[in-house]
Amino acid sequence: MADEETAGPCKYEEETAQDTIPSKKARRDFGSFHSSNADELIRLSKEDYDPPVIPFSLPCYQSGDHADLFGAAIRKSQFCLSDKITFLNHGAFGCTLRSAMDVAQKWREYCETEPVSFIDRELIPHLVYVSRRLAEFVDCDPCDLVLVPNVTTAMNCILQSLARTMTSDDVILFFNVTYGATKKMLQYIKDLVGIQLDEVKLSFPISSAQQILEMFAACLKPNTKLVIIDHVSSNYGIILPVKELVEICHERGVLVLVDGAHALGILPISMRSFGADFYTTNCHKWFCGPKGTALMYISCQHHQAINPLVVSHGFQAGFNSKFIWTGLQDYSPFLALHTVLNFWQQTGVDEMRRYMFQLVRSAAALLQKSWGTDLLADVSLFGTMILVQLPADILGGGAPQITYDHAELIQNRLFHDHHIEVPIKALEGKLYVRISAHVYNELDQYSSLASAIVDIKSKRILL
Ligand SMILES: Cc1ncc(COP(=O)(O)O)c(C=O)c1O
């Protein structure tokens, strides 16, 4: 196999057929591993690829062509959520499918029947198999996709790799709605290598994606090198128009890194159509995968520039190889993603999305009607999380300036007194509730939230 540092862009397309034949050298790249090199398996065409046999049977799911499959029914059958809590905060840390956890446990037990044989001979082909299926789901070449434990890891990996190629003249542009930890990563690399940071300040309320594009385009500078886009903003809930933003950036030669932490499951993802240079998404959020599962897409011309945070046996054995093994750890959450894929595909991706989108919109309308308030942005800009303003007088007349403390106080009241788990946000001097809707939610749960807020307001406890 060619040394990756000496290969040119899109090297896997340029290498000779001989390079793709599993070789002893490739095996040596993985220490004692007796399985083929990951890059060789990932490069095989669909026709030539022979997937490994999963050593136990996987669960089957009922198709979602009738609405009563969702709500309480699916909550009971597929999730572990407690009946004691009205759970409206899927956006925080997701919620894992019960059967995916069961299957992860089966992998753990299978591993321990013969740990050396499993890890040395079977694990990497199984990781490749699940990567290939996931690549198909997000419409990309499997060679461009790697498994990572979470979006935070992917963002660090990409930003720290790119920082090595940047100078103090270079600008990284991000949005005010960008995830807080990403802003800290940017500060970290600014301190490290002296790049400049610029922020697109989206001012709310926003009525259309076009408005976002205009505000964004005005912020690009000749020395902007990289733009960071949160596909779905965590604090604001809005969906940014990724494809159009990428087009604007690429016209000016600017690289684009998309943080799609909240996208997988709720939005159709097509890496081919988005055209971003880098895209990362969590499997453990809206996709309901086991905790510790995410994807990182790197378009082929950047394979050499992006390196893992953890260097191990696969380094210099190809792009996928350098990411696939980060030392001995529990890889079963990744292997359980077969089950999560089956859940979405067998239940019906479109039916599930339709349920979530309709529910969150009905819920937002219900809350707006109950409280007489507005949304943070036009409803068309939201996905499965919507921010609805709380009644303006929830803190009583002549209330002080709204702060994060007020939001926290109300969130705690909702949790402790009303057993409702939902985040309250203090944004632009106003208080909002960010509701989430997944397949296990139902409209009644949002009615409880509407009444709880009316109750909190009537007790004037916040004054
Ligand atoms: C927009 C966004 N990016 C990144 C993350 C980090 O995800 P993780 O903790 O899985 O790395 C989150 C988490 O909520 C998020 O909302």
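Each value in this text was obtained by applying a stated rule to the coordinates, not by laboratory testing. Quick caveat, the model's predicted, so the values are computed rather than measured. Positions of Cβ are generated from backbone atoms using ideal geometry, with glycine treated the same way; all protein chains shown enter the neighbour counts.
For the chain, give the share of DSSP beta bridges that are antiparallel, in percent and rounded to the nearest 5; count only bridges with both residues there. Mind showing how you got there, number by number?
Working: 21 of 41 bridges.
Antiparallel bridges make up about 50 percent of those DSSP assigns within the chain.
So what does log10 I(q)/I(0) come out to for the chain at q = 0.06, 0.11 Å⁻¹, using the Debye formula with one equal point on every Cα and no solvent? With no solvent term, the Cα-only Debye profile gives -0.29, -0.94. Since only N89, H126, Q105 are under comparison, the one whose Cα sits farthest along the positive direction of the charge dipole of the range 78-150, derived from C-beta charges on Lys, Arg, Asp and Glu, is N89. The range 388-463 and the range 294-358 have Cα centres separated by 36 Å.
Straight Cα distances below 17 angstrom link K369 to the lysines K457, with same-chain residues fewer than 8 positions distant left out. Helices in the chain that qualify as membrane-span-like (whole DSSP H runs, Cα extent of at least 27 Å along the helix axis, mean Kyte-Doolittle hydropathy of -1.0 or higher) are 349-371. Annotation: amide H of V227 within the under-5 Å range of L173, L255, V256, L257, sequence separation 5 or more or interchain, hydrogens built in the peptide plane.
Could you give the length gained on full extension between A181 and A305, defined as 0.36 nm per residue of separation minus the Cα-Cα distance, in nm?
Working it through step by step, the gained length comes to 42.4 nm.
For the range 392-463, GluC sites (Glu not before Pro) meeting the loop criterion (DSSP other than H, G, I, E, B) and having at most 15 other Cβ atoms within 10 Å: E428.
Taking amide H as placed 1.01 Å from N in the peptide plane, I238 has its amide H under 5 Å from the amide H of S233, each at least 5 places away in sequence or on another chain. Amide H to amide H, with H built 1.01 Å from N, L431 comes under 5 Å of L390, counting only residues 5 or more places away or on other chains.
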